[in-house]
Amino acid sequence: MRARVGQRVPVVVQSRGRRRTGARVLWVCAETVVTCGVVVLLLVVHQLWWTNQQARAEALQQVRVLEREWDISPPAPTSPTAPVTGTGAGSGAGADAGGSSPSGAPSDSATRRPAPDAAPGRSDPAPSDAFAVLRIPRLGLTVPVAQGISKRSVLDKGYVGHYPGTAAPGRTGNFALAGHRNTHGEPFRYINRLAEGDVISVRTRGATYTYRVDQILPRTAPRDVGVVRAVPRSIVKPSYGYDAPGAYLTLTTCTPEFSSAYRLVVWAKLVS
């Protein structure tokens with residue numbers, strides 16, 4: 001049969017379905033990319049902002065608790081004793097800003113020094129216990145000092161960690177500390193701004209000790225264990241450090257920022 005003149009012949013078009021399928025695929029891909037981007041952004045915000053807020057709040061609260069306890073219950077008077085000589089058992093060169101423990105740092109199970117300001121019958125600070133308050137006026141920094149350099153129980157809480165085996169505050173030897181440069185309160189973020197002569201104080205239950213910045217080692221290797229010895233001297237850059245015993249304070253952290261490739265070291269001497 002012949003089609004009548006003017007009669008429309010139906011035409012099947014299949015390309016429209018392909019276009020719709022392609023559009024759906026593109027839409028799903030775009031949604032996936034956006035979702036992944038949002039997740040990554042949230043992770044960055046959490047790591048760089050929220051961990052700082054949380055750690056700083058906890059650290060400040062710990063400072064208040066310590067100082068309130070000290071004001072209410074000062075140490076009992078004791079007979080004068082000779083200064084305790086610090087040891088050189090500490091090793092390691094700084095705290096890791098990015099989340100790993102300080103390379104070559106001593107473990108929390110290392111021998112701990114007695115607390116010089118403890119009252120009779122008072123036990124030494126247990127691992128992770130805060131026992132002092134560090135203040136650096138130039139940086140506007142006030143932060144608790146805890147025993148040990150454990151990431152989870154000390155550094156990630158926004159505290160500064162005391163290297164086990166190094167001297168107690170105010171005593172002959174090297175009172176060596178580690179702190180995060182970035183994230184988790186980042187207490188040592190700006191210690192690169194310290195200059196010779198800047199004052200650093202350490203308050204304990206029994207006394208407040210004042211140190212004055214004396215030397216700064218801008219960069220050294222994580223394996224540079226000499227910086228936290230009783231008489232600190234870099235084994236990587238021997239021109240930095242000391243030759244004679246004294247009462248030293250050492251601050252260590254990572255450098256450059258957002259990296260754990262090297263260590264930044266600040267040394268100070270006890271003045272009162």
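Only the coordinates and a few stated rules stand behind these numbers; no lab work does. Because the structure is predicted, anything quoted here is derived from the model rather than measured. Every residue, glycine among them, receives a Cβ derived from its backbone with ideal geometry; neighbour counts consider all protein chains shown.
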What whole number of Å gives the distance from the Cα centroid of region 149-178 to the Cα centroid of region 179-222? 12 Å
Can you give the FRET efficiency for residue 210 and residue 50, using 1/(1 + (r/R0)^6), R0 = 41 Å, r = Cβ-Cβ distance, to the nearest 0.05? 0.75
Starting at the first residue of region 265-271, write each ³J(HN,Hα) from the Karplus equation 6.51 cos²θ - 1.76 cosθ + 1.60 with θ = phi - 60°, in whole Hz, x for Gly and Pro. 10, 10, 10, 9, 10, 5, 10
Tell me the label-point distance for the pair residue 70, residue 129, using the 7 Å Cα-to-Cβ offset, in nm and rounded to one decimal. 1.6 nm
Which of the trypsin sites (Lys or Arg not before Pro) across region 218-259 are loop residues per DSSP, with 15 or fewer other Cβ within 10 Å? 223
Given a Förster distance of 51 Å, report the FRET efficiency between residue 271 and residue 221 from their Cβ-Cβ distance, rounded to the nearest 0.05. 0.95
Tell me which chymotrypsin sites (Phe, Trp or Tyr not before Pro) from region 217-272 have a DSSP coil assignment and no more than 14 other beta carbons within 10 Å of their own. 258
I want the local charge near residue 227. Using Cβ-Cβ distances under 11 Å, sum +1 for each Lys or Arg and -1 for each Asp or Glu among the other residues. +4
Report Rg/Rh for region 140-272, rounded to two decimals, where Rg is the Cα radius of gyration and Rh the Kirkwood radius. 0.92
